[in-house]
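The values are calculated or read from the model by the stated rules, or taken from the named source; none is laboratory data. What you are looking at is a predicted structure, and each value in this text was computed from that prediction instead of being measured. With ideal geometry, Cβ positions are generated from the backbone for all residues, glycine too; neighbour counts draw on all protein chains shown. Just so you know, the surface numbers come from the protein's heavy atoms only, side chains and all, with ligands and any DNA or RNA stripped out. Shrake-Rupley method; radii C 1.70, N 1.55, O 1.52, S 1.80 Å.
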Amino acid sequence: MDHIPEPLVAATIAVEDQNFYRDHAISLKSTARALVVNLRHGGVVEGGSTITQQLAKNLYLSQDRTISRKLREAMFAIQLELHKSKDWILGRYLNVVYYGHGAYGVQAASKLYFNKPVEDLDLAECALLAGLPKGPSIYSPIDHFDRAKQRQRVVLERMVATGYLTQAQAQAAAAEPIHVAVHHTPVVTAPYFTDLAVREAKRVAHLSDSDLDAGAVRIKTTLDPLLQQAAERAIASTLPKNSGIQAALVAMDPKTYAIRALVGGRNFQTSPFNRALAPRQPGSTFKAIVYSAALEHGWTPLSKSTAN
């Protein structure tokens, strides 16, 4: 929280839960309003969640829009506020909430969208960032800049209504040019493996890109982060720099066949082709098997075949 600028904290509270510091874990007024809307539509279409409830959902629950999930969310939220302070809850929320394009937390989002640490954000940037959790794929400044600006203005208006800003300050921030980073820092760990896992999940579970972009899916894998880091270091340190040589590495558990580490090339950003799974002809790579068998039977590189 010490590194998160005050305008971002204020913008988040104003647009997500303006009574965060006054209410308890659950807002009865918001819940009652959402319940009426949901009953009218015959399903969950409006949440009415406090920041504490949203944190509980992000930490412990799925993104399913069901009444049973909402009840569990409320129970977890009450437990959080019984054991943690409001500042802890808000700080944790800001560090785990999804901001789109694989960025979880305000630091990752700031570096992704603005290519700078979160503590360097100004008011206009903070307001734009605070508006993203409502719909990361809908309000993405990368894909839908006009929508992102509209959402930013909504956040600034809420900040005026809640007393965080004057009308003049909000208008000045809305008029300020927003410079979204052209080169986006990748936030995905083990990109070759992650790409494989996502494609497999989409195929098996029939998921859409919107499901994934909204952060509505949690995928558990067999990857070992320490082994993955070692594998990436091995590739990076072995291949000659400034060369076009590529390499791939797969580490598997021989008992369970679980993939513990996977590297498909030297740089996913410049070459996303996954060589670990490349459906290519074996070619000369098969020679190693033939030569190994010959060496095991006493042949050397100087041996000559006596066969006609």
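Would you check which residues across the stretch 153-169 are open to solvent by 90 Å² or more (accessible area, probe 1.4 Å) and part of a loop (DSSP other than H, G, I, E, B) and list them? Within the stretch 153-169, just 164 meets the criteria.
In this structure, is residue 150 surrounded by fewer than 19 Cβ atoms within 10 Å (Cβ to Cβ), at pLDDT 95 or above and either under 23 Å from the mean Cα position of the chain (by Cα) or not acidic (Asp, Glu) (or both)? Give the derivation first.
Values: surrounded by fewer than 19 Cβ atoms within 10 Å (Cβ to Cβ): yes; at pLDDT 95 or above: yes; either under 23 Å from the mean Cα position of the chain (by Cα) or not acidic (Asp, Glu) (or both): yes.
The answer is yes for residue 150.
Based on what the data block shows, is residue 136 modelled with pLDDT under 95 and buried (at least 17 other Cβ atoms within 10 Å of the Cβ)? So residue 136 fits the description; yes. The criterion of at least 1 residues that are over 23 Å from residue 24 (Cα atoms) and touching a residue at least 60 places away in the same chain (Cβ under 8 Å) is met, among helices (runs of 4 or more DSSP H) falling completely within the stretch 54-142, by 106-114, 123-130. For the stretch 170-182, does any single residue satisfy the condition of being more than 20 Å from residue 105 (Cβ to Cβ), at pLDDT below 90, surrounded by fewer than 22 Cβ atoms within 10 Å (Cβ to Cβ) and not polar (S, T, N, Q)? Yes, some residue in the stretch 170-182 is more than 20 Å from residue 105 (Cβ to Cβ), at pLDDT below 90, surrounded by fewer than 22 Cβ atoms within 10 Å (Cβ to Cβ) and not polar (S, T, N, Q). Residues in the stretch 19-38: is at least one at pLDDT 90 or above, open to solvent by less than 20 Å² (accessible area, probe 1.4 Å) and not charged (D, E, K, R)? Yes, there is a match, as at least one residue in the stretch 19-38 is at pLDDT 90 or above, open to solvent by less than 20 Å² (accessible area, probe 1.4 Å) and not charged (D, E, K, R).
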